[in-house]
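Every number here is computed from the coordinates shown, using simple stated rules; none is lab data. Please read these numbers as outputs of a predicted model, since none were measured by experiment. A quick note on method: Cβ atoms are made from the backbone with ideal geometry, for glycine too, and the neighbour counts reach across all protein chains shown.
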């Protein structure tokens, strides 16, 4: 490829801000590179291809989204490591969003290795780099030699007071009822990612239509850029092997039909690999394994799809809108704070809820600085869940993505900290997988929260919808299982409450979806969600009233900010004493909010009373029953509130004259006293001469 040094730049006013795309200035050794800018946020997207590897039977596309702290003028707060480490969860999710938007449009017979690297160079804290990165990636691929049926355009929307917001800024997000990203090719929807505050299906459909209109001027911009760059595309040479392919195809149809449409076998995610092994042995030495695998996938895909479209016959003999058998159990683990097992067909997920002090919030460092997170959902997908051996270790990008999806689904219904002062961590363990594990995790997580006595605003259920198309014909499938996911055209995950949707995620394997298909899918998914929700509530109708006896007890109190120093004490002496004597964990915010956490009810009560006593302004006339702590010749020091003492002068101990104070009071004695003065040094003077 010749390296044209001509710099080409196109820009457009989009949603009141200038979007610019520049080609030819940076990263000239890449197949193509685009510098994109919106506001003061800038990203560099590069794309490079390499010859195919012979041992691969899939398209090796990788998308790496790289955040740089310098983009927002920051240095890591880590004491030891100042350079960026592993990608943040947000970076991984943004990379997956771009991958899912561009992958369906590569030719099916294209197996060159393709790597997209997006680097965030400047971040203005207002214009999110995610959609800009997608547009830059789209522009980079269309101006490269790589064959691709793009461009795609991504649009992000917010929604407030009945009005859609194009490319909402960070300032808009707290007031928006949805955060929706939609990717389009010229005619259809390619990808959807959205989080909602229980939004009805009709508004989601309108949002997609609004985004479609907003994408049109960007297609014009990309067309102008592509035409001026004028990159020549590679041509794909189709391999010829019709005779051997026919033999393999006939063998598959003859020998594998019963397995593919056996309800027990078709549910296994490992079935395809098991049948491929049989095929490899049958044709060993006659055709490479990679070629046999490609033929297998193409043949089985055609066969399964034909049965669904022409005969409405699914591999497990369900009806098109039928949900698999459900089995739900709650409170399954004796020492955890909340737990649930949710099984749908051969997909089984165990979700466990753990409650902790608010001081255990997750601290996240990124380009926006440090922020905390009190609600987390983590998803684990061990190899045994598909009956296979494999790697065990840190979560994959897929696991992070599925965990985040369920977390977004539940976020709108999680009780606020003022109502439920806990840090909440949910972990979903996939025990058996046959499609739709993320939606099973969503259902299980809802039940685990309820079992943990979290006062959620409404329960959430979720379902994955599929699609099979043949020409103008199509069939929408409810609750897809393994084979339907592998060989279908769509994986559309939708979760929400009875009131409305809380999250959606769409992946397609075709060139996109029509408006009609999206609307029908949303309608049919609602029926399935409500059916599943009914079964969930039959197992646990509402959140439990009492938290587990093994969960920490939490109390939230508020003290005047001027009293924070008094509670903490010099060098932390007072607060450390409270912690040591009560066993409670104490977290004090700058606004005077104090969270006290303890596994012991008595320790919690004692710590709360102590803090309240320290923060209380004692006034003359108040009466207390205190404890004598110290005795001096001139008077007795009485603790009237936890951590707060006053002095009863010897002359104020009794109505009569006291000659020997030790004969009048003893250490530890309870004494009824009244405040007579708080002097200018905040010393409290007491009297025990109280008329009965």
- Principal-axis tilt of helix 437-451 within the chain, Cα atoms, nearest 10 degrees: 20
- Query: Can you give the convex hull volume of the alpha carbon atoms of region 323-439 per residue, in Å³?
  - Reply: 140
- Of all the C-alpha pairs in the chain, what % are more than 33 Å from each other? 59
- Query: Is the shape of region 372-494 rounded, prolate or oblate, going by the alpha carbon gyration tensor and its root eigenvalues a ≥ b ≥ c, with a/c under 1.5 for rounded and a/b larger than b/c for prolate?
  - Reply: oblate
- Note on the structure: With N residues in region 618-692, Rg(alpha-carbon) / (2.2 N^0.38 Å) equals 0.99
- Note on the structure: With R₀ set to 22 angstrom, the calculated FRET efficiency between the beta-carbons of residue 12 and residue 163, to the nearest 0.05, is 0.50
- Query: For region 436-560, rounded, prolate or oblate, judged on the Cα gyration tensor with a ≥ b ≥ c (square roots of eigenvalues), a/c < 1.5 rounded, else prolate if a/b > b/c?
  - Reply: prolate
- Query: Between residue 234 and residue 74, what length in nm is gained on full extension when 0.36 nm per residue of separation is reduced by their alpha carbon distance?
  - Reply: 53.4 nm
- Task: Please report 399, 161, 11 as a ranked list, fewest other C-beta atoms within 10 angstrom at the top and most at the bottom.
- Result: 161, 11, 399
- Compute the FRET efficiency between residue 397 and residue 656 as 1/(1 + (r/R0)^6), taking r as their Cβ-Cβ distance and R0 = 51 Å, and round to the nearest 0.05. 0.05
- What distance in nm separates the simple spin-label points at residue 126 and residue 205, each placed 7 Å from Cα in the Cβ direction? 3.6
- Principal-axis tilt of helix 397-410 within the chain, Cα atoms, nearest 10 degrees: 60
- Note on the structure: A chain fully extended from residue 20 to residue 682 at 0.36 nm per residue, minus the present Cα-Cα distance, gains in nm 231.9 nm
- Ratio of Rg to Rh for region 242-311, alpha carbon only, Kirkwood? 0.96
- Take the alpha carbon gyration tensor of region 207-345, find the square roots of its eigenvalues, order them as a ≥ b ≥ c, and report rounded if a/c is under 1.5; if not, report prolate when a/b exceeds b/c, else oblate. oblate
- Item | Rel. contact order, % - alpha carbon contacts under 8 angstrom, at least six apart, region 299-369 | 17
- Rounded FRET efficiency, nearest 0.05, which uses the C-beta distance separating residue 335 from residue 527 and R0 of 60 Å: 0.95
- Query: How much length, in nm to one decimal, is gained on full extension between residue 262 and residue 197, taken as 0.36 nm per residue of separation minus their Cα-Cα distance?
  - Reply: 19.4 nm
- Message: If I fit a long axis through the Cα atoms of helix 289-311 and take the longest principal axis of the Cα atoms of the chain, what angle between them do I get, 0 to 90°, rounded to 10?
- Response: 90
- Query: What value does region 326-539 have for Rg/Rh, both radii from Cα atoms and Rh as Kirkwood defines it?
  - Reply: 0.98
- Over the chain, what is the percentage of antiparallel beta bridges among all DSSP beta bridges, to the nearest 5? 90
- Message: Once you keep just the Cα pairs under 8 angstrom separated by 6 or more residues, what percentage relative contact order results for region 552-616?
- Response: 44
- How high is the relative contact order of the chain, in percent, counting Cα pairs under 8 Å that sit 6 or more residues apart? 10
